[in-house]
Amino acid sequence: MTFNKRFFLQKGSTIIELLIAVMVVGLIVTAVANAVTYSIKNTGESRYRQVATILGQQVMEHFRGQKNDLGIINFSNSLTAGANCYSSIDSPTVGACGATQVIVMAGTNFKRDVTIAKGGSGTHVSPYYINFVVTVSWVDGTETREVELIQELQQDSGFTN
């Protein structure tokens, strides 16, 4: 009985070939897992940013409506300059939002602070000028994230509304 050496050499995979194949598959699986994790994280952050922007826009729309209803002078007189917490649009509180003054949306707590400046400054001093900076913040893991919206309301002195 004669053995064919060539047959034995080509019979199967060596341990080195198997090890290389496992390493290549492992690298591919690791890369895909990292990409999926990154995608999920970005989707969650985008969702929170969208909710924060909506919460900020609610305040801006409320202010525009109040200005149109009351006129800019009466509206300006109804506002408290400085930092204000708008956890509820209808009943804001003076000062920055505290730990319990939150809006719960999308499974997280948002704080909505509004800084109000009236009358302008420098060369832009006018009783017909109001500046709002709405900052909506939330905690994402260990980091505090925020969205900031800025709105200026002004009116020519010749108009009453």
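The values are calculated or read from the model by the stated rules, or taken from the named source; none is laboratory data. A quick note: this is a predicted structure, and the numbers were derived from the prediction, not measured. Here the Cβ positions follow ideal geometry from the backbone for every residue, glycine too, while neighbour counts run over all protein chains shown.
General remarks:
- Options Gly65, Gly26: the member that is within 30 Å of Ile103 (Cα to Cα), at pLDDT 90 or above and not in a loop (DSSP other than H, G, I, E, B): Gly65
- Residue in segment 87-109 that is nearest to Pro127 (Cα to Cα), counting only those that are in contact with a helix residue (DSSP H, G or I) (Cβ under 8 Å, 6 or more places away or on another chain) and either of a type in the set (S, T, N, Q) or free of Cβ contacts under 8 Å to residues at least 40 places away in the same chain (or both): Ile89
- Ser39 at pLDDT below 85, under 20 Å from the mean Cα position of the chain (by Cα) and in a helix (DSSP H, G or I): yes
- Residue among Ile40, Ile72, Ile89 that is among the hydrophobic types (A, V, I, L, M, F, W, C) and loosely packed, with under 13 Cβ neighbours inside 10 Å: Ile40
- In segment 136-161, residue modelled with the highest pLDDT [restricted to those that are farther than 26 Å from Ile73 by Cβ and outside any strand (DSSP E or B)]: Thr142
- Sole residue being in a strand (DSSP E or B) and buried (at least 19 other Cβ atoms within 10 Å of the Cβ), chosen from Val125, Val104, Val114, Val133: Val114
- Every condition in (1) more than 14 Å from Lys118 (Cβ to Cβ); (2) modelled with pLDDT of 90 or more holds for Asn84 except the one numbered (1).
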